[in-house]
1. Binned at 10 Å from 0, what are the whole-percent values of the Cα-Cα distance distribution for the stretch 173-285, short to long?
2. Got a sec? How would V78, V205 order by Cβ neighbour count within 10 Å, fewest to most?
3. Regarding the chain, what are the three Cα extents along the principal axes, ordered largest first, in Å?
4. Looking only at trypsin sites (Lys or Arg not before Pro) in DSSP loops with at most 15 other Cβ atoms within 10 Å, what is the longest site-free stretch of the chain?
5. Within the stretch 293-331, what residues put their amide N at less than 20 Å from the label point 7 Å along the Cα-to-Cβ vector of H145?
6. Compute the distance in nm between two label points, each set 7 Å from the Cα along the Cα-to-Cβ direction, one at S71 and one at R235.
7. Given H placed on each backbone N at 1.01 Å, which residues far from T39 in sequence or on other chains put an amide H within less than 5 Å of it?
8. Would you calculate the separation in nanometres between label points at R6 and K115, each defined as 7 Å from the Cα along the Cα-to-beta-carbon direction?
Amino acid sequence: MEELKRWRRDLHQIPELGLEEVETTEYLKTTLTKMGYETHPLKGLSTGLYVYIDQGQEETIAFRTDIDALSVEEENDVSYKSHHPHIMHACGHDGHMSALLGFAYRLSQKKEHYKNNILLIFQPAEEAPGAAKDIVESGLLNDYHVKAIYGIHLMPYIEEGDLYSKAGPLMAECGEIDIVIKGKGAHAGTPEQGHDAIIAASMLVAQFQTIHSRSISPFEDVVLNIGKINGGTARNAVAEEVKLEGTLRCYDEDVFMHVVNRMKEIAKGLEVAYGCDIDVTCDPMYPPLLNDETLFEKAKSFGVKQLKQPMMLAEDFAFYTKAVPSLFIYVGTKTKTMQSGLHTSTFNFNEEVLEKAVDFYEYMLKESI
């Protein structure tokens with residue numbers, strides 16, 4: 001389908017950040033209207049849209065794509081390079097949108113062949129703040145009696161054209177860690193007069209790494225990463241304040257909360273040991289993405305292969321999986337010349353793989369009848 005390439009390259013040139021996808025939404029609306037569809041705004045959101053195809057049935061099958069881009073300066077030397085400085089479709093959402101447009105086009109040509117009601121969701125702000133949660137809470141899935149929802153993600157770590165997924169956890173729950181340590185400043189020559197926030201921060205990071213090995217079952221997967229530390233004002237001073245940022249990822253919500261509680265308990269102990277005040281927050285952003293076993297078994301008949309283990313990436317499609325039976329799959333894009341990772345300035349892919357995503361959507365729709 002030549003349109004897949006055209007849509008993808010058009011969309012690639014107009015990337016927009018989450019909840020700012022005005023031009024993108026207008027492009028989608030125009031394209032879908034030309035196909036004969038009526039588009040609807042998403043309740044409570046300023047961007048994005050949905051299409052509902054009423055076939056007179058009680059239940060509906062839903063398909064979702066994300067539409068936002070990233071704060072990345074594109075370095076690809078291509079004719080369809082981003083027109084927006086410092087913003088790029090570096091996570092394949094231009095491809096996801098094009099695949100769902102392709103599916104919409106195919107449906108418009110032969111929708112009388114399908115008996116289910118169909119809901120196509122073009123969702124803003126997957127990267128942040130995660131508008132899937134807003135869509136679920138708005139009641140959209142309930143309003144249309146959605147019994148299953150499907151989504152895809154292009155994946156440069158998988159060979160081009162291969163489809164992979166698994167039942168149960170596919171992607172991790174993720175939370176952002178923010179820590180503020182407040183001590184007492186002093187001259188470096190009189191350290192006894194202060195309470196060193198840097199020493200407390202160093203011990204805190206080290207002690208956090210014992211949580212997985214001593215407070216969590218070795219059969220649970222947990223990644224606790226402190227990726228940013230900022231503290232102190234001068235080389236000859238005892239630091240009064242340190243700020244730390246990181247992420248916590250795992251596949252179980254109870255394990256997530258247990259790790260957060262242990263982080264706070266460790267912080268309380270270090271407050272006493274080092275005379276500092278330590279504030280630890282880690283609120284979950286996205287829940288774990290849990291695929292439905294029955295839907296995955298159906299997808300295997302199409303050629304979706306079994307992924308050996310889940311990935312510690314996060315995706316707000318997870319909010320849909322908490323609401324209705326769901327299936328999210330990876331579509332491989334890796335070639336000898338296209339191997340750049342997601343969220344990088346040189347991420348790119350061949351549009352030919354999008355046809356396979358359209359075929360997957362059509363197959364799962366037929367299997368749902």
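Values quoted throughout were computed directly from the atomic coordinates according to the rules given, and no laboratory measurement underlies them. These figures come from a predicted structure and were not determined experimentally. For neighbour counting, all protein chains shown are included, and Cβ atoms are generated from backbone atoms with ideal geometry for every residue, glycine included.
1. Calculated P(r), rounded to whole percents: 15, 44, 27, 11, 3.
2. V78, V205
3. Taking the Cα atoms of the chain, the three principal extents are 81, 43, 42 Å.
4. Numbers: sites that count: K43, K81, K115, R235, K308, K336.
That gives 116-234 as the longest site-free run.
5. Flagged as within label range: 323-326.
6. In this crude spin-label approximation the distance works out to 3.1 nm.
7. Close amide H contacts, sequence-distant or interchain: none at all.
8. Roughly 3.5 nm, to one decimal.
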